[in-house]
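Reading through the structure tokens given below for one structure.
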Amino acid sequence: MPTTRVALATCSVLPDLDPDDAPLLGALADRGVEAVAAVWDDPDVDWDSFDLVVIRSTWDYSQRRDEYIAWAKTVPRLANDADVLAWNIDKYYLKTLGEMGLPIVRTLWLDPDRHLTSQAIHTRLPAHGDYVIKPTVSAGARDTARYQENTAKARGEAILHARDLLRSGRHVMVQPYLNQIDVVGETGLIFFEGKFSHAVRKNAMLTRGHRPTQGLYQEEVMRSIEATEAELALGERALQAAHEILGESAASLLYARIDLVPGDDGDPILLELEFTEPTLFLNKAQGAPDRFADAIVARAQTK
Ligand SMILES: Nc1ncnc2c1ncn2[C@@H]1O[C@H](COP(=O)(O)OP(=O)(O)O)[C@@H](O)[C@H]1O
Ligand SMILES: [Mg+2]
């Protein structure tokens, strides 16, 4: 049998992948797979020549969404596939999940086509409690910031932030700041081929006074944890819901990360479903690189 060849798609800033994916290369090599890092927008890569292309650290697409999806459509054996990416890249999917009865963060959606004035934005911002402004298409907390309700300066900055995003044609989300994230943190549940693999806990990223991040991503403080029954149950429900929406594509999610934050009552709420380019924290859990490598090999050899 010829050698199985797998490409791990990344971005030009990280041509050798994110360090978190390093153990995956070893685990694939142990299985006799030739795995190479390849930059998604490098015109010289022959995507057709791989048995499977696995998206990893393609983190520079957030303002080139259409180009990114167009690229994904040209890759014949891509995981996760272009339909999944097109759905998952824009956090509007949370609205659908909320309408299906899943617990999501209360969100106000601002549409750039409405051409809202600063005054109109002002009236839409929460009057109580801290809140978060972020674009619907983003990753790594880029262009995301937390504001305090009660200072005129913060309000002015929040309005400018939302207005700048809207003016550049981006859809914007306004959410109450989930205070429990400061106490408990954010939980990420990682699944391979729909099977739960491991859970991680991430510290809150938006300290008070935090302003929109400009870099590729913001450094995260992360540790391995045991997920609670309630978290696992919600993770499974979210995957099931995605399955209902996406049909066959979701039935074949090679990887998925579901991010949860406790609400004020302690029950988990969905912050994000990451089916596009999630860090999977392979370094943080025993056996995770092997489980991911097994899933990749099985997929590469059947497609
Ligand atoms: N409503 C919120 N309450 C508290 N923290 C939030 C909220 N929304 C986002 N954050 C913080 O910002 C980070 C990035 O936001 P997220 O919605 O996960 O977008 P992405 O990871 O795609 O940039 C989260 O990991 C979390 O720390
Ligand atoms: Mg996130």
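The values are calculated or read from the model by the stated rules, or taken from the named source; none is laboratory data. This one's a predicted model, so the numbers in the text were calculated from it and none came from an experiment. Positions of Cβ are backbone-derived with ideal geometry, glycine not excepted, and every protein chain shown enters the neighbour counts.
Only helices (runs of 4 or more DSSP H) whose full extent lies in the stretch 153-267 are considered here, and the ones with at least 2 residues that are more than 13 Å from ligand 1 (Cβ to nearest atom) and surrounded by fewer than 21 Cβ atoms within 10 Å (Cβ to Cβ) are 229-246, 248-251.
Selection of first residues in the stretch 239-261 that are assigned by TED's automatic domain parsing to the domain that holds residue 99 and modelled with pLDDT of 95 or more and of second residues that are part of a helix (DSSP H, G or I) and within 16 Å of ligand 1 (Cβ to nearest atom), restricted to Cβ pairs under 6 Å at least 6 apart or on distinct chains, gives the following pairs, ordered by first then second residue: 241/97; 258/235; 258/238; 260/231; 261/181.
Is it fair to say residue 86 is under 30 Å from residue 299 (Cβ atoms) and free of Cβ contacts under 8 Å to residues at least 24 places away in the same chain? Judged against the criteria, residue 86 is a match.
Those helices (runs of 4 or more DSSP H) of the stretch 17-135 in which at least 2 residues are of a type in the set (S, T, N, Q), considering only elements entirely within it, cover 118-124. Are any residues in the stretch 21-51 surrounded by 15 or more Cβ atoms within 10 Å (Cβ to Cβ), hydrophobic (A, V, I, L, M, F, W, C), under 30 Å from residue 286 (Cβ atoms) and out of contact with any Leu (no Cβ under 8 Å at 6 or more places or on another chain), and if so, which ones? Correct list: 27, 28, 33, 50. Any residue in the stretch 132-145 that is away from ligand 1 (no atom under 16 Å from the Cβ), touching a residue at least 24 places away in the same chain (Cβ under 8 Å), surrounded by fewer than 22 Cβ atoms within 10 Å (Cβ to Cβ) and not aromatic (Phe, Trp, Tyr)? No: the stretch 132-145 contains no residue that is away from ligand 1 (no atom under 16 Å from the Cβ), touching a residue at least 24 places away in the same chain (Cβ under 8 Å), surrounded by fewer than 22 Cβ atoms within 10 Å (Cβ to Cβ) and not aromatic (Phe, Trp, Tyr). From 230, 256, which residue is in contact with a Leu (Cβ under 8 Å, 6 or more places away or on another chain) and of a type in the set (A, V, I, L, M, F, W, C)? The match here is 256.
Could you check, for the stretch 81-100, whether at least one of its residues is charged (D, E, K, R), within 22 Å of residue 156 (Cβ to Cβ), within 16 Å of ligand 2 (Cβ to nearest atom) and within 18 Å of the chain's Cα centre (by Cα)? Scanning the stretch 81-100 turns up no residue that is charged (D, E, K, R), within 22 Å of residue 156 (Cβ to Cβ), within 16 Å of ligand 2 (Cβ to nearest atom) and within 18 Å of the chain's Cα centre (by Cα).
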